[in-house]
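Heads up, the thing below is written out as structure tokens.
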Amino acid sequence: MKQSPQKISMLFISALFSMDVLSNEPIYPIEKKNLLGFVNYTGNIVVKPQFDTGVVHFIGTGRDDLININKDGKRGILSTKGELVIPTIYDNDFNSFNFNKGNIASYTLNGKCGYINDKNEIITKNIYEKCSAFSEQRASVRLNNKWALIDQKGTLLSDFLYGEIDKFSEGLAAIEINGKYGYINTNGKVVIQPVHALALSFKDGMARIGSIYSPYYFIDKSGKKIFDVNFNHVYPFTGDYAVIRRDIGSNKYYGLIDKQGKIYIKPKFQDIKIDENTPNFAVIEISKTGKIKKGILDIKTQKMIVEPIYDQISISDEMIYFKNNGKYGWMNRKFEIIVPPQFDDILIGFGKGNIALVKLNEEMFYINKNGEKTINFYQ
């Protein structure tokens, strides 16, 4: 499953998922006189233009009701009511202010990080080199290039021992020490000894072990091996299936295995991607007359429901965007084209909202789900 560079649209994610409390609708960025503000889907101003322009405003906070903002080059947090939740006094660190659906996030000040809550109360002072987002009420902090575990009060739950601490999933987090990986629990206790090659997060009681430099296999939460994977690469499970890759010379072929490690779809595609929001479908790539084309596969029936004729296609949202002959359009969940391909770029998808930001002939504007222009981005 190849990794492609993120589109610029991904930089707009906080605006896409920020909710206008009064209307329960997302709010959307607009720019006026080189200042950034926000409107609702009808074009009414929710937050008047007053902030620096730039991508920081579109980096997600992990909360639907909070937005990253910059003013005079300093970072803060704005609510979708237009209230300044955290003042714009902090360093412009892209890794900070990820609340991850909780009420605590890291901040950075004078090059060091600590933690703050959504009431603007400091939880820990800015004394660390690096600070992770919280997951399952735990976060990791780094000093002298070693990581330790903390709780939501900022109390250390382990010594600074580790080269890495991953996010928690299903009560466990992968740790690295002296080049080997194991797992700790939320109390900071090592429950799977660091004897493995690269280890990833648990999902449905299984974790993938290994890398391109070592054998792949899956383990359970006791550390017991479930099955080996005899392919050149395997990705973590999404739903009931994991993507596998077999290399033949310079060619790479992708397929799927099930949770027993058995081949479900033999490696035959140029790529397969399964989205967590739509685990029953996969975007596949095949080579047609020397060009890579994408379509959508029903995994259960193994039938192609959208023929591979597109340059790009994404099934992560309710509205499926696609690119054909250099132009973008949308399908619905019945895979019917409802907005014909006509736009040069998509800057904000529809997501949970009613409008999307597109670009056409160097002009940026919002459209509704009929493809009709509604609001200009530059005002």
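Placing a pseudo-label 7 Å from each Cα along the Cα-to-Cβ vector at residue 225 and residue 301 gives an inter-label distance of 3.9 nm. With R₀ fixed at 30 Å, the C-beta to C-beta distance from residue 50 to residue 338 puts the FRET efficiency at about 0.25.
Take every Cα pair under 8 Å whose residues are at least 6 apart in sequence, average their separation, divide by the length of the chain, and the relative contact order is 9 percent.
How large is the helix-only mean residue ellipticity at 222 nm for the chain, computed as the sum of -39500 (n - 2.57) over DSSP H runs with n ≥ 4, divided by its residue count, in deg cm²/dmol to the nearest 500? Write down the numbers at each step before the final one.
Values: 1 runs with 5 residues, N = 379.
Rounded to the nearest 500, it is -500 deg cm²/dmol.
Working out 0.36 nm times the residue gap between residue 288 and residue 83, then minus their Cα-Cα distance, what length gain in nm do you get to one decimal? Working shown, then result.
Values: separation 205, 0.36 × 205 = 73.80 nm, distance 5.26 nm.
Length difference between fully extended and current span is 68.5 nm.
Given a Förster distance of 22 angstrom, what is the FRET efficiency for residue 197 paired with residue 276, based on the Cβ-Cβ distance and rounded to 0.05?
Values: r = 25 Å, r/R0 = 1.13.
Efficiency computed from Cβ-Cβ geometry: 0.30.
Expressed in nm to one decimal, what extension gain is obtained for the pair residue 232 and residue 35 from 0.36 nm per residue of sequence separation less their Cα-Cα distance?
The span from residue 232 to residue 35 would gain 66.0 nm if fully extended.
For the range 135-229, the relative contact order is 15 percent, taking Cα pairs closer than 8 Å that sit 6 or more residues apart in sequence and dividing their mean separation by the residue count. Dividing the Cα radius of gyration of the chain by 2.2 N^0.38 Å, with N the residue count, gives 1.08. Listed from fewest to most Cβ neighbours within 10 Å, the set 259, 294 follows the order 259, 294. Here residue 260 and residue 189 are evaluated by their C-beta separation; at R0 = 30 Å the FRET efficiency comes out at 0.45. Determine which lysines satisfy two conditions relative to residue 334: a Cα distance under 21 Å, and not lying fewer than 8 residues away in the same chain. Correct list for residue 334: 273, 293, 294, 300, 303, 323, 352, 369. Assigning unit charges at the beta carbon (Lys, Arg +1; Asp, Glu -1) and nothing else, what dipole magnitude in debye, to the nearest 20, does the range 135-229 show about its Cα centre? The calculated dipole for the range 135-229 is roughly 80 debye.
Neighbour counting of Cβ atoms within 10 Å sorts the residues 99, 335, fewest neighbours leading, into 335, 99. With neighbours defined as other Cβ atoms within 10 Å of a residue's Cβ, the residues 196, 233 order from fewest to most as 233, 196.
Using the Cβ atoms and a cut-off under 13 Å, what net charge is assigned to the surroundings of residue 108, where Lys and Arg are +1 and Asp and Glu are -1?
On the way: positive: 74, 75, 112, 125, 130, 142; negative: 91, 93, 129.
Residues close to residue 108 contribute a combined charge of +3.
Since only 60, 92, 325 are under comparison, the one whose Cα sits farthest along the positive direction of the charge dipole of the chain, derived from C-beta charges on Lys, Arg, Asp and Glu, is 325.
For the chain, the dipole from Cβ point charges (+1 on Lys and Arg, -1 on Asp and Glu) about the Cα centre works out to 800 debye, to the nearest 20.
Listed by chain and number, the aspartates and glutamates whose alpha-carbon sits under 12 Å from that of residue 180, ignoring those within fewer than 8 places in the same chain, are 164. With loop membership from DSSP and a limit of 12 other Cβ atoms within 10 Å, the longest segment of the chain without GluC sites (Glu not before Pro) is 122-275.
FYI, it's all coordinate maths here, none of it is from the lab. Only a predicted model underlies this, so the values are computations on that prediction, with no experimental measurement involved. Counting neighbours? That spans all protein chains shown, and the Cβs are built from the backbone with ideal geometry, glycine included.
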